[in-house]
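Colleague: Please read through the structure below; I'll follow up with questions.
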Amino acid sequence: MRRRSWLLMVLLVAPTALARNATRLAEFPGWWFDAEQGDGFFVAREDDSVRLATATASAKFASLGQTFDAADFRGKRLRFAAESRTEGVDGWMGLWLRVDSSVPGVPLFHDASEFSSPGSPAWAEVAVVVDIPEEAQRIHIGLGQQGPGRSWFRSVSLTTVGRHVSLTRREGTDGLRDGDFESPTLLGWPMSGEGRNDYAAELVMDVRHSGAKALRLTALPGADLTKYGSATQSFNAKPYWGKRMRATLWMRSQGVARRGDFWVRCRAADSPADGLGLAGGKSWVDPQSEWQPHEVVFDVPSTCAQVQFGMGLQGPGTLWADDAGFEVVSRDVPLRSGAPLHPRNLKLKGGGRDSREGAP
């Protein structure tokens with residue numbers, strides 16, 4: 001039996017040293033280690049591989065990544081690959097690649113989480129293949145793990161390939177990714193907003209509108225409930241310029257005392273991340289409701305660079321979301337900003353103060 005020996009322990013992350021202020025690792029020139037709510041995460045080298053590991057149940061995400069100039073790759077098809085294996089990963093393991101373009105606020109993000117094999121002890125290749133746009137400025141790549149467990153990576157490569165090599169991910173006709181929440185992991189719905197670290201979005205099977213899973217959004221222990229957090233997805237708006245779009249989402253709520261909503265926004269290239277945007281709308285949920293459809297219908301202007309689609313929570317309570325949709329509709333479909341189609345609760349049953357901003 002081949003004897004495996006530890007060569008180097010690189011970093012042990014303490015709960016107070018997490019995340020966006022990660023430092024460069026001298027032992028891995030050019031690479032950075034980054035962990036989000038992942039106390040106990042560490043990265044180490046074992047023979048010819050690198051391992052990400054944690055035994056902490058609350059661990060969220062860790063990544064070994066780097067950034068480089070995109071000049072030599074503009075207009076080319078790029079393949080980022082590695083061999084990997086996992087042990088007891090409760091989440092996903094895979095590669096990620098992001099391109100920052102000269103168009104502010106419109107990054108290109110691809111990952112290989114849907115091609116990974118959580119829990120598989122066998123070495124297998126995972127890869128991301130993506131076309132680098134001419135306006136690309138920087139390229140970010142990384143090896144990542146979500147949740148507790150252990151992942152090994154080796155034989156990392158980055159090469160330009162011909163057009164005969166298939167892209168690993170193509171945008172769907174509606175641009176929305178995993179709208180039914182049926183992927184093995186919560187794919188493409190990161191938390192955003194001031195309260196992005198105060199709320200958690202996760203897939204659940206016990207409450208759902210259809211299919212096997214739904215998204216659940218709820219506050220984390222010790223959260224600042226005055227902040228607003230949103231599970232959000234963004235995609236390129238250009239295919240929808242000049243079209244009328246209908247965004248839909250089924251939602252259920254329980255104990256929502258302040259704000260819970262579904263929203264869609266058209267964002268210009270130079271607009272701030274928050275605000276009303278160029279077009280879109282929102283639909284609020286009731287403090288307590290069974291599954292209800294929510295809908296926003298809007299026209300996409302040619303000045304829109306990005307469509308943002310999300311559901312959010314402020315304060316206590318729980319939201320569930322399922323069966324999100326984004327489709328082109330004809331001009332005879334009326335514009336809607338998300339207000340209810342009919343008056344509700346005319347008998348004034350129930351209670352609870354409605355503290356939503358802008359609520360009558």
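Colleague: Is there any pair with a first residue in the stretch 287-298 that is in the same structural domain as Gly317 (by TED's automatic domain parsing) and over 14 Å from Phe326 (Cβ atoms) and a second that is among the charged types (D, E, K, R) and at pLDDT 95 or above whose Cβ atoms are under 8 Å apart and which are 6 or more apart or on different chains, and what are they?
Modeller: From residues that are in the same structural domain as Gly317 (by TED's automatic domain parsing) and over 14 Å from Phe326 (Cβ atoms), the pairs are Ser289/Arg252; Glu290/Arg252; Trp291/Arg252; Trp291/Asp322; Gln292/Arg252.
Colleague: Let me ask you something else. Across the stretch 29-51, which residue is modelled with the lowest pLDDT among those that are over 24 Å from the mean Cα position of the chain (by Cα), in a strand (DSSP E or B) and among the charged types (D, E, K, R)?
Modeller: That would be Glu46.
Colleague: Select from the stretch 122-154 the residues that are under 13 Å from Leu95 (Cα atoms) and not hydrophobic (A, V, I, L, M, F, W, C) and list them in ascending order.
Modeller: Within the stretch 122-154, Glu125, His140, Gly142, Gly144, Gln145, Gln146, Ser151, Arg154 meet the criteria.
Colleague: Take the stretch 211-254 and flag every residue that is closer than 24 Å to Val329 by Cβ and aromatic (Phe, Trp, Tyr).
Modeller: Phe235, Tyr240, Trp241, Trp250
Colleague: For the stretch 189-220, which residues satisfy the criterion of being among the polar types (S, T, N, Q) and out of contact with any Phe, Trp or Tyr (no Cβ under 7 Å at 6 or more places or on another chain)? Give the steps one after another, and end with the answer.
Modeller: Filtering the stretch 189-220 down to residues among the polar types (S, T, N, Q) leaves 192, 197, 210, 218.
Scanning the stretch 189-220 gives Ser192, Asn197, Ser210.
Colleague: I've got another one for you. Within the stretch 195-238, can you find the residues that are among the charged types (D, E, K, R) and more than 16 Å from Gly325 (Cα to Cα)?
Modeller: Of everything in the stretch 195-238, those that are among the charged types (D, E, K, R) and more than 16 Å from Gly325 (Cα to Cα) turn out to be Arg196, Asp198, Glu202, Asp206, Arg216, Asp224, Lys227, Lys238.
Colleague: Within the stretch 213-266, considering only strands (runs of 3 or more DSSP E) that don't extend past its boundaries, which have at least 1 residues that are buried (at least 21 other Cβ atoms within 10 Å of the Cβ), in contact (Cβ under 8 Å) with a residue 12 or more places away in the chain and of a type in the set (Val, Ile, Thr)? Full working, then the answer.
Modeller: On the way: elements: 214-219, 228-236, 244-254.
In the stretch 213-266, 228-236 are the strands (runs of 3 or more DSSP E) which contain 1 or more residues that are buried (at least 21 other Cβ atoms within 10 Å of the Cβ), in contact (Cβ under 8 Å) with a residue 12 or more places away in the chain and of a type in the set (Val, Ile, Thr).
Colleague: What do you reckon, is Asp72 more than 21 Å from Phe235 (Cα to Cα), surrounded by fewer than 16 Cβ atoms within 10 Å (Cβ to Cβ), at pLDDT 85 or above and not hydrophobic (A, V, I, L, M, F, W, C)?
Modeller: So Asp72 passes the test.
Colleague: Here is a follow-up. Condition first: in a strand (DSSP E or B) and crowded, with 20+ Cβ neighbours inside 10 Å. Can you find one or more residues in the stretch 153-168 that meet it?
Modeller: Looking for residues that are in a strand (DSSP E or B) and crowded, with 20+ Cβ neighbours inside 10 Å, one finds at least one in the stretch 153-168, hence yes.
The values are calculated or read from the model by the stated rules, or taken from the named source; none is laboratory data. Worth saying up front: this structure is predicted, and the values here are computed from it rather than measured. All Cβ positions, even for glycine, are placed from backbone atoms using ideal geometry, and neighbour counts span all protein chains on display.
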